[in-house]
Amino acid sequence: MIKQAAELITNANYLIALTGAGISSESGIPTFRGQEGLWKKYKVDELATLDAFKKNPKLVWQWYSWRISVVLSAKPNPAHYSLAYLEKIGILKTLITQNVDDLHERAGSKNLIKLHGDILTVKCPSCGYEHKIWKPPKIIPPKCPRCRAIMRPGVIWFGEIIPQDIINKALIEAEKADVILVIGTSGVVMPAGAIPEIIKRNEGKVIEINIDKTIISSIADIYIRGKAGEVLPKIVEEVNKKRGLRNV
């Protein structure tokens with residue numbers, strides 16, 4: 001299946017990728033829905049909703065401060081670097097991710113659409129001020145330097161709507177694509193879960209890499225069971241062979 005996937009990728013006119021929590025779990029960032037998922041230990045409505053934030057911003061920020069420390073201590077794995085490499089050599093056009101960490105950026109991915117926001121961005125819900133952070137806030141909850149309102153993590157919480165411009169960018173890329181790599185996502189969260197359906201509807205090809213089968217597996221032209229950090233470098237190796245490039 002590795003060679004078949006490499007063949008589709010090499011011959012793609014417009015390849016895009018969709019990644020979920022599974023790709024970052026290999027870097028030590030817990031997933032939300034796997035066997036060791038975060039939601040097995042915490043209630044979603046206590047930590048990842050606007051109502052929870054309004055009710056107890058300190059509790060929410062204590063949890064997000066822990067998550068930020070986990071993200072900052074994690075390192076990109078071979079799957080992240082493989083996708084960045086495919087972009088660098090001009091094959092991968094756009095990477096759409098459901099992840100809020102910065103591992104794709106640190107690996108070198110440039111053309112990135114982050115559907116669910118960025119955990120290393122803090123935003124003021126009052127005046128709109130926002131900035132990046134590179135360590136957990138010293139004061140919890142952090143306050144806006146402009147208006148002194150309590151700031152919030154720059155992520156999309158459950159029940160919130162993804163900004164329309166972000167959705168539009170992702171949908172435009174999906175309509176262009178003739179091949180998609182779907183990596184480490186359950187496919188149950190929308191609109192991300194609909195993106196492979198768009199490619200399939202347009203008679204494109206879907207390549208799925210996951211440790212378990214998902215709802216996307218039923219439409220996948222190629223399903224490869226395994227860890228992305230092990231599978232993607234093998235695919236890249238085959239792609240390089242087909243293109244006459246040296247492996248890196």
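The values are calculated or read from the model by the stated rules, or taken from the named source; none is laboratory data. Computed from a prediction, not measured in an experiment: that's the story for all the values here. Neighbour counts are summed over all protein chains in view; Cβ atoms, including those assigned to glycine, are modelled from backbone coordinates with ideal geometry. Side chains are part of the model used for accessible areas, which takes the heavy atoms of the whole protein and leaves out ligands, DNA and RNA. Shrake-Rupley method; radii C 1.70, N 1.55, O 1.52, S 1.80 Å.
Data overview
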{"item": "Criterion violated by residue 242 - all others in (1) without any contact (Cβ under 8 Å) to a residue 24 or more places away in the chain; (2) surrounded by fewer than 19 Cβ atoms within 10 Å (Cβ to Cβ) satisfied", "result": "(1)"}
{"item": "Selection within segment 13-28 - of a type in the set (A, V, I, L, M, F, W, C), out of contact with any strand residue (DSSP E or B) (no Cβ under 8 Å at 6 or more places or on another chain) and open to solvent by less than 20 Å² (accessible area, probe 1.4 Å)", "result": "none"}
{"item": "Condition broken by residue 206, with the remaining ones in (1) over 30 Å from residue 61 (Cβ atoms); (2) touching a residue at least 40 places away in the same chain (Cβ under 8 Å) satisfied", "result": "(2)"}
{"item": "Flag if residue 171 is touching a residue at least 24 places away in the same chain (Cβ under 8 Å), in a strand (DSSP E or B) and within 28 Å of residue 195 (Cα to Cα)", "result": "no"}
{"item": "Every residue from segment 122-164 that is under 26 Å from residue 98 (Cβ atoms), without any contact (Cβ under 8 Å) to a residue 60 or more places away in the chain, open to solvent by 70 Å² or more (accessible area, probe 1.4 Å) and not aliphatic (A, V, I, L, M)", "result": "123, 125, 130, 132, 164"}
{"item": "Residue in segment 73-89 that is of a type in the set (Val, Ile, Thr) and either within 18 Å of residue 121 (Cβ to Cβ) or at pLDDT below 90 (or both) present", "result": "no"}
{"item": "Members of segment 194-213 found to be open to solvent by 10 Å² or more (accessible area, probe 1.4 Å) and either assigned to a strand (DSSP E or B) or closer than 20 Å to residue 115 by Cα (or both), listed by number", "result": "194, 197, 198, 205, 210"}
{"item": "Answer from 234, 169 - the residue that is over 24 Å from residue 2 (Cα atoms) and either open to solvent by less than 10 Å² (accessible area, probe 1.4 Å) or of a type in the set (D, E, K, R) (or both)", "result": "169"}
{"item": "Criterion: closer than 26 Å to residue 189 by Cβ and aromatic (Phe, Trp, Tyr) - qualifying residue of 134, 157", "result": "157"}
